[in-house]
Amino acid sequence: MPTLLLSAKDLRGLYTVELGLEAVERAFLAHGRGDALMPPKVYLSLPKYDGDFRAMPAFLDGAAGVKWVNAHPNNPRKHGLPTVRAVYVLSDPDTASPLAILDGTLLTAWRTGAAGGIASKYLAKKKPRTLGLVGCGVQARVLIDAHRALFGDLELLLADASAQAAEALQKEKGGRVVSLQEASGADIVCSATPARAPVVRREWVQAGAHINAMGADAPGKQELDPRLLVEGRVFIDDADQALHSGEINVPLHDGLIQAEQLAGTLGEVVAGRKPGRAGTEVTVFDSTGLAVQDVALARALYDVALAKGVGQRFDLVEDA
């Protein structure tokens, strides 16, 4: 069986925001029901190179795969390269044949943006008017696309430590460049930064707001004032990952919150096993990124590629 090579250019021609949202919501549902297999991600820390690699395997709906992804925060400054780069291998679980090798960088960005959108669908108030972006990098763009697909033309409030980054995002997506305080006061707040100290303060966040904390994906990272986690209703994507590397990891380590205080996983909400928004409380989604999201979206893109005849076929392994 030949392997299909799908480049970043190929994927851009195949992807739609709706495809991403559907795949990621399906992944959350399966995760919430316990219908997916997702071993813990494996970290390869490389302090010498100011970064790390992660291996993320998963099985869902008859498809298996693994993502090899990095996080090198200094890449843009040191090498002029993205912080995150990835390769995805999609396999046939029956024969173990490698079905496809995909660019995993776009895959990661798209599924992460879609995850934030799905969280807001279930946890934000019904008719949000404003979307605050704390951090105006690559991730902010896909978060905007996902939220616009779900909620329509939200007013964008853009804040970043780099005025140049915020202005570039404004030029591309519209909205207003504002202070961190004003962006943090939106109906939906998406923080996507590499911060290791809180950048969103409790007093800036309005009653009834929903926050997608997307940046904390390794031990020691945090973006939110711990009071938001103590006083709000916090939903995680996966217990093992969030406890060790999510937004809650530092407050847990410091004893400010306990695991028993968490409201549940987003998958449990999507599956109807836990209630979502209950009133005017602040809700928080702590996103660490799930391998089941990757395999769900990789399989969806692979199926569209086959239907459209997109990609390069080649013999990667011998069948004999």
Across the range 293-320, what is the number of residues that are aliphatic (A, V, I, L, M), surrounded by fewer than 12 Cβ atoms within 10 Å (Cβ to Cβ) and part of a helix (DSSP H, G or I)? 1
If N212 satisfies all but one of (1) in contact with a Cys (Cβ under 7 Å, 6 or more places away or on another chain); (2) of a type outside the set (G, A, S); (3) within 20 Å of S45 (Cα to Cα), what's the number of the condition it fails? (3)
Residues that are out of contact with any helix residue (DSSP H, G or I) (no Cβ under 6 Å at 6 or more places or on another chain) and aromatic (F, W, Y), drawn from the range 264-316: Y302, F314
Determine, yes or no, whether A239 is surrounded by 24 or more Cβ atoms within 10 Å (Cβ to Cβ) and either out of contact with any helix residue (DSSP H, G or I) (no Cβ under 7 Å at 6 or more places or on another chain) or under 22 Å from V42 (Cα atoms) (or both). no
Have a look at D294, D217 and point out the one that is modelled with pLDDT under 95 and of a type in the set (D, E). D217
Please determine whether any residue of the range 58-69 is assigned to a helix (DSSP H, G or I), closer than 25 Å to T193 by Cβ and not acidic (D, E). no
List the number of the failed condition for V89; all other conditions in (1) without any contact (Cβ under 8 Å) to a residue 60 or more places away in the chain; (2) more than 21 Å from L290 (Cβ to Cβ); (3) assigned to a strand (DSSP E or B) hold. (2)
Within the bounds of the range 43-57, is there any residue that is closer than 21 Å to G116 by Cα and surrounded by fewer than 16 Cβ atoms within 10 Å (Cβ to Cβ)? no
Filtered residues of the range 201-228 (kept if part of a helix (DSSP H, G or I) and open to solvent by 10 Å² or more (accessible area, probe 1.4 Å)): R202, E203, W204, P226, R227
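The values are calculated or read from the model by the stated rules, or taken from the named source; none is laboratory data. Predicted model, so just to flag it, every value in this text is computed and none were measured. A quick note on method: Cβ atoms are made from the backbone with ideal geometry, for glycine too, and the neighbour counts reach across all protein chains shown. When the accessible area is computed, the model is the full protein with side chains, heavy atoms only, and any ligands, DNA or RNA have been set aside. Shrake-Rupley method; radii C 1.70, N 1.55, O 1.52, S 1.80 Å.
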